[in-house]
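The values are calculated or read from the model by the stated rules, or taken from the named source; none is laboratory data. Just so it is clear, the structure is predicted and the values come from calculations on it, not from any experiment. Quick reminder, even Gly has a Cβ in these numbers, built from the backbone with ideal geometry, and neighbours come from all protein chains shown.
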Amino acid sequence: MNQVAKVIVDVPAMQVDRPFDYVVPENLVGIALVGTRVSVPFGNRKVQGFVVELGEVEDVTKLKTIDSVMDVLPVLNEELLELGDFLAKETLAFRVSVYQAMLPAALRAKYEKYVVRLDTEDDELERLFEGYETLPFKELIGRNILKSVQKYVRSGQVEIAYAVKNKVTNKKNTCCNLPAYAKPATRRTIRFT
């Protein structure tokens, strides 16, 4: 039996406002839990989605696989998922839009996720962190050690920290003051690149 997750994808359209089945790969079993955000293939692109249900199926030949998880622990609990379903039906909103509205602002903004080591005595953690105090979450996904990280988060030896990126950027203008005797044609031809 293979574990399958029902995922609400981040495509706010009436035709796709329903759960889609995705295979949970072996390395994400026990990590891709109900309420967790995941990255999944949808059509010819990758989108974010919310796991709303887990089950088991024998034949998974026609199903796509979850690419990665975005959270070590679920961001929405069962109660919030039920509330989201209720609100979507009552207000005629898309389920994914309701779920995203329930997320804290830090999870909606552009952010980077880090794993911070709290226990400095554990030798296995020392090897895992390679001597560093913090590691970018992206590195852990590539190293296939999320199950260990999840265990340490639950035991309080490690925590997940978010660094919110400021979406506001400073606009820079370059200007040049030409002398009064510069010809009008010269003024028109100056360009900054």
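Every residue, every condition in (1) more than 30 Å from VAL98 (Cβ to Cβ); (2) among the aliphatic types (A, V, I, L, M); (3) at pLDDT 80 or above, yes or no:
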| position | (1), (2), (3) |
| --- | --- |
| GLU112 | no, no, no |
| VAL115 | no, yes, yes |
| LEU118 | yes, yes, yes |
| LEU125 | yes, yes, yes |
| PHE129 | yes, no, yes |
| THR134 | yes, no, yes |
| GLU139 | yes, no, yes |
| ARG143 | yes, no, no |
| LYS151 | yes, no, yes |
Which of the residues spanning region 28-49 are farther than 11 Å from ASP67 by Cβ, buried (at least 16 other Cβ atoms within 10 Å of the Cβ) and out of contact with any Gly (no Cβ under 8 Å at 6 or more places or on another chain)? ILE31, LEU33, VAL34, GLY35, THR36
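Applying the selection to region 76-105, what residues are charged (D, E, K, R) and either outside the structural domain of GLU53 (by TED's automatic domain parsing) or free of Cβ contacts under 8 Å to residues at least 24 places away in the same chain (or both)?
The answer is GLU79, GLU82, ASP85, LYS89, GLU90.
Residue-wise test of (1) more than 25 Å from GLY30 (Cβ to Cβ); (2) surrounded by 15 or more Cβ atoms within 10 Å (Cβ to Cβ).
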residue	(1), (2)
ASP59	no, no
SER68	no, yes
LEU83	yes, yes
ALA88	yes, yes
ALA93	yes, yes
PRO104	no, no
ASP119	no, no
ARG127	no, no
GLU133	yes, no
